[in-house]
Every structure is written in structure tokens, then in C-alpha cells.
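The structure appears below as C-alpha cells.
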Amino acid sequence: MKRILDLALVLAALPAAVPVALLCMAAIRLTSPGPAILSQTRVGRHEKPFTCYKLRTMHAGTPDAPTHETPARAVTPLGRWLRRLKLDELPQLWNVLRGDMSLVGPRPCLPSQTELVAERRARGLYALRPGITGVAQVAGVDMSDPRRLAALDATYLASMSAATDLRLILATVWGAGRGDRTRA
């Protein structure tokens, strides 16, 4: 049922999302050198690595590290705006269509985030597809606190439903949560 809901919502959103993503991609290319799309290896369902796509919000050449370990100066001026509006997540709709991700679930982490991977493994969270949004993201908890993040993600696993997914999606669209913050 969850996969059907994901596909239905993504297919309904694509006619609006694709033109917005294309405009954002053009703006990225016009305002900073480098590709418009960032592709990173992330940890997916059953701990299987997958390629996650996002609009690039940081300067080209920024080291591949968790956002909370990246200096704020690495984010481009346009990137700050894209992050604030959560438009940088639009390419992840492709990940949902492919089955690598869900609209709602634990945010996918980098393989180098070993403490978070271990905390999620201990709570059985890798039975789920990672999500574009989730309980922790809506609550404003970033990946800098792996134990707290995994505990919040586990509350979703214990109570997930179509109604919960819709509530979290709407909360995200209306601006809940701030996502991962860069370090000062």
C-alpha cells in the first residue's frame, strides 16, 4: 500500500515538479560552476547502497561529508534559498519512482555515518526505504545526533500508516523542519 501511495503522489506531482526542477537547474548552472544535480551514494533499504539525487546547493568540489560537518560557507547563495524552500529535494522524486526511496521514511545517510547506520540497524529501520521526509526532519532533528535521530525514526516504524505519511508530507510542504544545518 505504501508503494502505491508513493507512486500515485509522485506521478500526480511530476507535472508541476519537473518544470520547477528544470528552472532551478538552470539557475544553479547560471550562478555557480559545476553540475546542477548532485549524485551521492547513500544507505538504502536493507543497507543496500543507492545513488541519491539532489539539486546541488553547495559549491562544486565541496568534500563529500554529512551536511552538519560541512562549513556554512560551502553553500551557495542560491543553495540557501533552494534548501529553505526544500526545492533541492525535487530530484529525489526520481529515486521514489525507481523504488530506491519512499516519500516518507528515515532520511538516507552516507555510508561514512557509521554511528547512525549502527543506531538504525539496532532499531530495525533498514526494513524501510529511506524517505524524502520523515518524523525527524519534520521535528527539525538533523543527523548530528544519531541516537536521537534513530529513536525518532523508530517511532515512525512503530506507527506508520497512509494517514501518517500524508500528515508528514503536508507538514513538510507547509514548511515544518529545517533539514540538516551546516556547521558555522
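The values are calculated or read from the model by the stated rules, or taken from the named source; none is laboratory data. No experiment lies behind these values; they were computed from the predicted model shown. For neighbour counting, all protein chains shown are included, and Cβ atoms are generated from backbone atoms with ideal geometry for every residue, glycine included.
Things to note:
- Residues of segment 118-137 that are of a type outside the set (S, T, N, Q), touching a Leu at 6+ places or on another chain (Cβ under 9 Å) and crowded, with 19+ Cβ neighbours inside 10 Å: GLU119, ARG120, LEU125, LEU128, GLY131, ILE132, GLY134, VAL135, ALA136.
- Taking each residue of segment 52-73 that is free of Cβ contacts under 8 Å to residues at least 24 places away in the same chain and looking for partners that are of a type in the set (A, V, I, L, M) with beta-carbon atoms closer than 8 Å, six or more apart or interchain, yields MET58/LEU38; MET58/ALA74; MET58/VAL75; THR62/ALA74.
- Condition check for ALA27: out of contact with any His (no Cβ under 8 Å at 6 or more places or on another chain), more than 14 Å from MET101 (Cβ to Cβ), exposed (fewer than 12 other Cβ atoms within 10 Å of the Cβ) and modelled with pLDDT of 95 or more: no
- PRO19 being outside any helix (DSSP H, G or I) and either touching a residue at least 60 places away in the same chain (Cβ under 8 Å) or more than 20 Å from ILE169 (Cα to Cα) (or both): no
- Residue among LEU110, LEU116 that is within 19 Å of GLN40 (Cβ to Cβ), in contact with a Ser or Thr (Cβ under 8 Å, 6 or more places away or on another chain), touching a residue at least 24 places away in the same chain (Cβ under 8 Å) and not β-branched (Val, Ile, Thr): LEU110
- Matching residues in segment 52-74 - criterion: being assigned to a helix (DSSP H, G or I) and either at pLDDT 85 or above or exposed (fewer than 13 other Cβ atoms within 10 Å of the Cβ) (or both): ALA72, ARG73, ALA74
- Subset of segment 22-51 (residues that are touching a Cys at 6+ places or on another chain (Cβ under 9 Å) and either touching a residue at least 60 places away in the same chain (Cβ under 8 Å) or in a strand (DSSP E or B) (or both)): LEU38, SER39, GLN40, THR41, ARG42, VAL43, GLY44
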